[in-house]
Each structure stands twice: as C-alpha cells, then as structure tokens.
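Q: One structure coming up, written as structure tokens, with questions to follow.
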Amino acid sequence: MNFDLTEERQMLQDSLRRYLRDKYSTATRNEILERPNGMSEEVWTQLAELGVIGAMFTEEQGGFGGAGFDISVVFEELGRAGVVEPFMDSALIGGRLLAACGKTDLVEEMIGGSLQLAVAHGEPTSRYDLNHVRTSVDGGKLNGRKAVVMNAENADHLIVSARASGDVADEAGISLYLVAKDAAGLTIQGYPLLAGGRAGEVTLDGVEGELLTEDGFAALSDVMALATMAQCAETLGAMDTATRLTNDYLGTRKQFGRPIGTFQALAHRMADMLIEMEQARSAVINAAGNLREETRIRDMNISAAKNLLGRAGRLIAEESIQMHGGIAMTQEYELAHIAKRITMADHRFGDTDHHLERFIALSAA
Amino acid sequence: MDLSYTDEELAFRDEVRAFMRDELPKEMSDKIRLGDELGKEGQEKWHAILNNKGWLAPNWPKKFGGAEWNAVQRHIFEEEAAAHHAPRIVPFGLSMLAPVLQKFGSKEQQDYWLPRLLDGSDWWCQGYSEPGAGSDLASLKTRAVRDGDHYIVNGQKTWTTLGQHANMIFCLVRTDPDVKQQEGISFLLIDMDTPGIQVRPIILLDGTHEVNEVFFDDVKVPVENLVGEENKGWTYAKYLLTHERTNIAGVGFSQAGLNTVKRIARAEMAGGKPLMANPHFAARVAQVEIDLRAMSTSNLRIISAAAAGGAPGVEASMLKVKGTIIRQEINDLARRAVGPYAMPFASEAIEGSNEALPDPHEAGPVAAQYFNNRKLSIFGGSNEIQRGIIAKVMMGGGQ
C-alpha cells in the first residue's frame, strides 16, 4: 500500500497549482467568463506547455501519462482553481476518443495545444443515458439534434455519434463520425453556461463526416468512464477550495464580538464538511485506482464516486454558502463560482440518483 | 377542530381567484413563471392594479387606506397570488416601513408618506445591513450627527434590495456611540437624491442585479425625517422585523414550485420512462410534498392563532427555518429534474427543439433560481439566528 503520488505526478501537481494560483485569480476568471468564446486561448496554450494535456494520454498515444492518477491529479488542480477552459470536453473526451480510433495526427495537435474538439453525443431526450441515440446516419449523411454540446462553437472538429442500425436505446449500431466545423448542414446555436464556458445545440441536416468507428458505444463507454472519474477529481478540487475558504472565513469574520467559527453551531458543521472531504478524496482514489480493472469493477467504483461526490458536493456547496452568508452570493467572491462548479458537476455524466441506480444494477450483476 | 375554510373565507378566495383571472396581465404572470425580471415599470404597474382594487396594502388599517385583512385572508391572497404566478408586492415600503410610520410616525409623516406609498410616488428601500453588521445588526456603524436642523450621515449600507429603483431609503443610523449598542440607534428617512449618496450594484452569483451597496458621504437629512424619538430606533426596527416575517413560510411559493417540478418530471424522460415514474426521483418529490403538507397546516394553525389575537413569536422563527428548507429543496428538485439542461445560462438558448422537451422556458432558469434562493436561509435573520431564537425561548423560558 502506498498513497503517495509518484515524483512525476507530484511535480505536475506542484507546477500546475503554482501556475493557477499566480495566473488564474477570481478577477481574471470573471473577465474570461464574459468573453464571447468563454475561454482564454493563452491559458489553454500555457497549460498545454505545462503538460496538462500530455498527462491525459499514454505513451503509445503520444502522451506521458494516461493512467487514472495522471488524470485525477490534473483535474483536481483544475477544479481547485475553478478553471473554465474546456480541458474535459475538448482534450480528455475528444482527444481520447480520437486516440481510441487511431487518429494519432490529431492527438498530436491536441497535446501541442493547437486543436479544439467537441463531442456531440447527448440529445434533447437522452438525459444521462449513453445508449440513447436518435441522430441517424444513412448513406453517409448525418441527421439529428445534439443537446448541450460543450465547446461546440470553439471546436475545429466535432465528434458526432449517430445510429446506423437498431432502436433508439440499443448499444449496438452507434457509429462515431468526425465532422469539420464548417461542414455543410451543420448549425450550432451557442450559449453560455451557468458555471462558465460555453455549449450549444447542434443540428445536423444531411451532414457528411469521416467514419471513426462503427462500435461507438464501446469507445464512448471507456472514455466516459475516464471522464466521469476526472469529473469527480475536478469536483473534489473545487470542494477543497470551498472548504478552505469557509474554514478561513469562520476564523476571521466576527459577529457578536467573536469569530463566528467559535459558535458551536457552525464549528460542528465545519467538522462535518471536513469529514465529507476525506470521504470524497477516498472515493476518487477508488475510482482512479480501479480504472484498469474489469469493466464491472471499474464502473462500480466510478458510480460510487459520482454518487458520493454528488451528495458530499451538495452538502459542501450549500453549507459553504450558508456559513459565509451574503458574501458568498456575490459573483466577485471566489466561492460563488466554485459552488456553481460543484453543483453543475451533478448534471454531467449522470447525477447522484443515476449513479446510485447504476451502482445497484452493477452490484446485482 | 375543522380543517376547512368558512363560507366567508371561501367566498373571499373565489373573489381573489376571479381578480387574478381577470386583472393579472398574462405577460406579467408568464414572466414570473419563467423566472424573468419584472423590472421597475412592471412592478409599478402591478401595484397600480392592486391599488385600484384597494388590495395594495392588505395589512394596513382601513383609516390609512389599507384592506385591513385578517391573517387568514392574507394567507388566502398570498396562496392564490403564488398559484397564479402573480408578482409579489415589493415589501419595503408597504409592508415594512408603513407599519412603523403608522405606529411611531408623526401625523405629518403619516399624512405625507402613506398616500405616496399607495399611489406609487415613492419607491422605498431598506438601509439596515452593513458590511460588518449582518446577523449582528445592532453593531451597525453608519453615523448620524445632529447639526442644527439636519443630521449629517456618513457610512455604508449593503444588501440593499432593489435600491437601484428607489428614490427613498429608511435607515438605521447610530446617533449615540457611547451607550449600549441597541440604545444609540435612530430611524431616519433619507431622500436618495441627496448629494453624497452613491449606489453601487452587487452582482449575484446567478448574474442578477437585485442588491446594492449604498454609500453616505456627509449626507444632509432634515430632522423632520427622524421617525419617533432619537436613539429609540432599535425598538422600531424590531417592530418592523416582525412585519418582515409575514408570509415567512412561503407556502404558496413552495406549492407553485412543486407543481412546476411535477410538470417537468412528467415530460422529462429517463431510461425510456418519464422521470416522475423513476422511484428515486418520485421518492424525493414525495418527501418534500409530505413536509409541505404538514408545514402548510402548521402555517394555518399559527395564522389562525394570530387572527384570534395571539402574537406569533417563536413560531415565526420555526416557519422561517422549515419554510426555507422546503423551498430550497424544491429548487434542488427542479434543477435535478431538467438534467443536462440545468447547465445553460440562458433560457432562450434551447428554443427550437425538434423533440419533446421539458418546457424549455422552464428548464432555463431553474438552476439560476436554485442558486438565487440560497439567499432565503440567509436574509431576514439567517436560519442560524432563528434557531438561536427558538432555542433561547423554548429552553431558556422567555425571550
């Protein structure tokens, strides 16, 4: 047993944390949130140079990491700083799907920081069901509608899932296509997101693309497992920031002539938050450490983590705001953004209830 | 024991329903239902509609132009208003300042300010909280020094709701710094156009501008704008806070919110079935509904006692705590219900769907409302302060 990070991962964590602490203040981020494209190209490029993207890929894929703990280390730091640049959707999900489909040239561009991707998979009625694909492909033409596609407007290419055969909820018969951003028949209706960044509704009207794989479900399942684990790590980082801010505030804010943290009613709730933080950290370790186990074991650990992070995240986001009082309701204060990141994470890759049901089903299997 | 309304109460409810059906403009109720801003003009229009009917000031005595409803009538009105997605009445002038003027103000103050509240001449905001004085309101520092016929006011107020629309502010100010905190506070009426006042917006985490900071730099206030006696302001402030806590349980808001959750969950599909048929989601909804049914009766019990002359004290604190927990839980259910569509920031972004969706207008604002309503358990005396009151009264044998 050894719970220490390897030297390489420790170095990556240190340099990433230092960079974000120095360069990614609340004011800087609030300015980025207002930009038309919802991100900073400079931050993207500099983080790519630090190795953030390379850490998400194995050596065979052209990177220098790719294992569970490489990815969790990166995303925990991104979460700690509330980074809104699309590392999750563009680099990890998009990049790893391309890597799984052998598109090594594009993966190289991604690691170098010069490529943006979007994955157009979810649909207006698919909710959190990965197998639900109504968008069709017929004679090489894609037709349908994709919902809340992250980073859609900034992407050079979209990876689009489409049904080649079978019923709307079949796992078989889902193909993945690579579609250029300027393809005929592709329209994107973009919008900002509550917790930062941008997404869009993507409409496909006879769009042509390059076939990546006919076993799209297998590729998506593996990459979404990675992404769900990464989301848990990102949320853990955000929860750590919320906990730290609250701890500091309770020690400095005075009402009735004393620091409010000396009131037992608040002190005990702070203690509960710290206890839940340890639970959350362990759940993320379980998920990251079991990524290469057989699918059922892998997915049980991932669903356990996502469920636990959903519950602990809600507690920490809500209690942090409550114990701060009004100041935490203001956009100028770091916690406002962090709390939104934590809560909105419950709406990605399946929410608390979705993963509870999945854990039950996998346990019974 | 009889849980039903009397015939008179039922007749009153029918009258309120008919009024909402006939007089509440649809574009107004649509905005409220979708969580949009009504704006100053829209709000004033609703006030005018109510005033025309004589219902703008439900709790005022008739001699001041109010409806003089009892607590049960007020409850019926609030319940119907929420069910019809009517705008709320902006409370600062009508529900908070007015009772203070009616009880402690001079005849001149009553004759001048009260009619202007009804006809919409003035928009009042509340100058209570300060950066260092939130839950501990009595520690406020904004200073007013008597100088001939004026007070000179210096200091800062914060969390001033809708202060950007206001032309008047009622303020708690410190007039004597050398006595016990509560004994050196006065209650002043201040014209927002006076030189030296600056209003700065505070943008909340859901992007809205509903609260402000108000700065006072050598602001001259005529002494006739002092309400009651100098240094007795804390008494008036406490009296006002008991009025701030009417409709504290928010039963109507919760009922309307729960209906919205169910409507969304019947349309939203999860795993090939309506979300409302999902046992985990259905259980979450049922738990809140069970709590809400009980709280609704608690609310009516306390209201009935108040209507019969009993003064709600600690019960109001109980309703505040439980009522906000339930409202926030319903906000949480709504954001869960819409799934990935909780994430977009703009409701109009998901128009033009080619498939059955939860009403896209309803999906858009639910997550923003979830965040905005975190305020419910913070303002008006945080839930921690309310629990302190409950514990002190129930365990310590008196207030």
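Q: Under 8 Å between Cβ atoms, at least 6 apart or on separate chains: pull out the pairs that start in segment A:65-80 with a residue that is within 13 Å of A:Asp240 (Cα to Cα) and end on any residue that is assigned to a helix (DSSP H, G or I) and basic (Lys, Arg).
A: A:Glu77/A:Arg17; A:Gly79/A:Arg341; A:Arg80/A:Arg17
Q: Which of the residues spanning segment A:89-139 are out of contact with any strand residue (DSSP E or B) (no Cβ under 9 Å at 6 or more places or on another chain), part of a helix (DSSP H, G or I) and in contact (Cβ under 8 Å) with a residue 60 or more places away in the chain?
A: Correct list: A:Leu92, A:Arg96, A:Ile111, A:Gly112.
Q: Now for a separate question. Please go through segment A:116-134 and give me each residue that is more than 11 Å from every other protein chain (Cβ to nearest Cβ) and more than 18 Å from the chain's Cα centre (by Cα), ordered by number.
A: Within segment A:116-134, just A:Val133 meets the criteria.
Q: Here's something else I'd like to know. Suppose we keep only residues that are small (Gly, Ala, Ser) and within 14 Å of chain B (Cβ to nearest Cβ) within segment A:265-275. Which one would you say is nearest to B:Lys392 (Cα to Cα)? Before the answer, list the steps.
A: If we filter segment A:265-275 for residues that are small (Gly, Ala, Ser), which is where we start, we get A:265, A:267, A:271.
Subset that is within 14 Å of chain B (Cβ to nearest Cβ): A:265, A:267.
On the way: A:Ala265: 14, A:Ala267: 19 Å.
Restricting to residues being small (Gly, Ala, Ser) and within 14 Å of chain B (Cβ to nearest Cβ), the top hit is A:Ala265.
Q: Looking at A:Gly79 and the list (1) closer than 20 Å to A:Ala155 by Cβ; (2) buried (at least 24 other Cβ atoms within 10 Å of the Cβ), which single condition is not satisfied?
A: (1)
Q: Right, here's the next one. Which numbered condition in (1) assigned to a loop (DSSP other than H, G, I, E, B); (2) crowded, with 18+ Cβ neighbours inside 10 Å; (3) at pLDDT 80 or above is the only one that B:Gly380 fails?
A: Unmet for B:Gly380, out of (1) assigned to a loop (DSSP other than H, G, I, E, B); (2) crowded, with 18+ Cβ neighbours inside 10 Å; (3) at pLDDT 80 or above: (2).
Q: Among residues belonging to segment A:354-363 that are in contact (Cβ under 8 Å) with a residue 24 or more places away in the chain and surrounded by fewer than 22 Cβ atoms within 10 Å (Cβ to Cβ), point out the one that is nearest to the other protein chains (Cβ to nearest Cβ). Walk me through it before giving the result.
A: Taking segment A:354-363 as the starting set, the residues that turn out to be in contact (Cβ under 8 Å) with a residue 24 or more places away in the chain are A:354-356, A:358-359, A:362-363.
Now restrict to residues that are surrounded by fewer than 22 Cβ atoms within 10 Å (Cβ to Cβ): A:356, A:358-359, A:362-363.
Numbers: A:Leu356: 7, A:Arg358: 10, A:Phe359: 12, A:Leu362: 15, A:Ser363: 15 Å.
The extreme case among them is A:Leu356.
Q: While we're on this one: Is it fair to say A:Ala162 is more than 26 Å from B:Val366 (Cα to Cα) and either in contact with an Asp or Glu (Cβ under 6 Å, 6 or more places away or on another chain) or assigned to a loop (DSSP other than H, G, I, E, B) (or both)? So that I can check it myself, show each step before the final result.
A: Details: more than 26 Å from B:Val366 (Cα to Cα): yes; either in contact with an Asp or Glu (Cβ under 6 Å, 6 or more places away or on another chain) or assigned to a loop (DSSP other than H, G, I, E, B) (or both): no.
Judged against the criteria, A:Ala162 is not a match.
Q: A further question on this structure: Just checking, does segment A:23-40 include any residue being of a type in the set (Val, Ile, Thr), crowded, with 18+ Cβ neighbours inside 10 Å and within 18 Å of the chain's Cα centre (by Cα)? So that I can check it myself, show each step before the final result.
A: Step one: filter segment A:23-40 for residues of a type in the set (Val, Ile, Thr), giving A:26, A:28, A:32.
Those still in the list that are crowded, with 18+ Cβ neighbours inside 10 Å too: A:32.
Next, from what is left, pick out any that are within 18 Å of the chain's Cα centre (by Cα): none.
No, segment A:23-40 contains no residue that is of a type in the set (Val, Ile, Thr), crowded, with 18+ Cβ neighbours inside 10 Å and within 18 Å of the chain's Cα centre (by Cα).
Q: Quick check on segment B:60-72. Is at least one of its residues part of a helix (DSSP H, G or I), touching a Ser or Thr at 6+ places or on another chain (Cβ under 7 Å) and not assigned by TED's automatic domain parsing to the domain that holds B:Gly323?
A: The initial filter retains those residues of segment B:60-72 that are part of a helix (DSSP H, G or I), namely B:62-64, B:71-72.
Still in the list and also touching a Ser or Thr at 6+ places or on another chain (Cβ under 7 Å): B:72.
Filter once more, keeping what is not assigned by TED's automatic domain parsing to the domain that holds B:Gly323: B:72.
Yes, some residue in segment B:60-72 is part of a helix (DSSP H, G or I), touching a Ser or Thr at 6+ places or on another chain (Cβ under 7 Å) and not assigned by TED's automatic domain parsing to the domain that holds B:Gly323.
Q: Among the residues of segment A:276-328, write down those that are within 14 Å of chain B (Cβ to nearest Cβ), crowded, with 21+ Cβ neighbours inside 10 Å and out of contact with any Gly (no Cβ under 7 Å at 6 or more places or on another chain).
A: Hits for segment A:276-328 are A:Ser303, A:Asn307, A:Gly310, A:Gly313, A:Ile316, A:Ala317, A:Ser320, A:Ile321, A:Met323, A:His324, A:Ala328.
Q: Oh, and also: Can you tell me which of A:Ala233, A:Ala199 is in contact (Cβ under 8 Å) with a residue 40 or more places away in the chain and in the same structural domain as A:Ala305 (by TED's automatic domain parsing)? Steps first, answer last, please.
A: Numbers: A:Ala199 fails: in the same structural domain as A:Ala305 (by TED's automatic domain parsing).
Residue meeting the stated conditions: A:Ala233.
Q: Can we say B:Thr194 is more than 14 Å from every other protein chain (Cβ to nearest Cβ) and either in a loop (DSSP other than H, G, I, E, B) or surrounded by fewer than 16 Cβ atoms within 10 Å (Cβ to Cβ) (or both)?
A: Numbers: more than 14 Å from every other protein chain (Cβ to nearest Cβ): yes; either in a loop (DSSP other than H, G, I, E, B) or surrounded by fewer than 16 Cβ atoms within 10 Å (Cβ to Cβ) (or both): yes.
For B:Thr194, the condition - more than 14 Å from every other protein chain (Cβ to nearest Cβ) and either in a loop (DSSP other than H, G, I, E, B) or surrounded by fewer than 16 Cβ atoms within 10 Å (Cβ to Cβ) (or both) - is met.
Q: While we're on this one: In segment A:254-275, which residue that is under 33 Å from the mean Cα position of the chain (by Cα) and in contact (Cβ under 8 Å) with a residue 40 or more places away in the chain is surrounded by the fewest Cβ atoms within 10 Å (Cβ to Cβ)?
A: A:Asp272
Q: To continue, here is another question. Counting residues that are touching a helix residue (DSSP H, G or I) at 6+ places or on another chain (Cβ under 6 Å) and either at the interface with chain B (Cβ under 10 Å from one of its Cβ atoms) or surrounded by fewer than 21 Cβ atoms within 10 Å (Cβ to Cβ) (or both), which strands (runs of 3 or more DSSP E) fully inside segment A:178-219 reach at least 1?
A: Working: elements: A:186-192, A:198-208, A:210-213.
In segment A:178-219, A:186-192, A:210-213 are the strands (runs of 3 or more DSSP E) which contain 1 or more residues that are touching a helix residue (DSSP H, G or I) at 6+ places or on another chain (Cβ under 6 Å) and either at the interface with chain B (Cβ under 10 Å from one of its Cβ atoms) or surrounded by fewer than 21 Cβ atoms within 10 Å (Cβ to Cβ) (or both).
The values are calculated or read from the model by the stated rules, or taken from the named source; none is laboratory data. Keep in mind the model is a prediction, meaning the values are calculated, not measured. Using ideal geometry, Cβ is built from the backbone for each residue, glycine included, and neighbour counts are taken over all protein chains shown.
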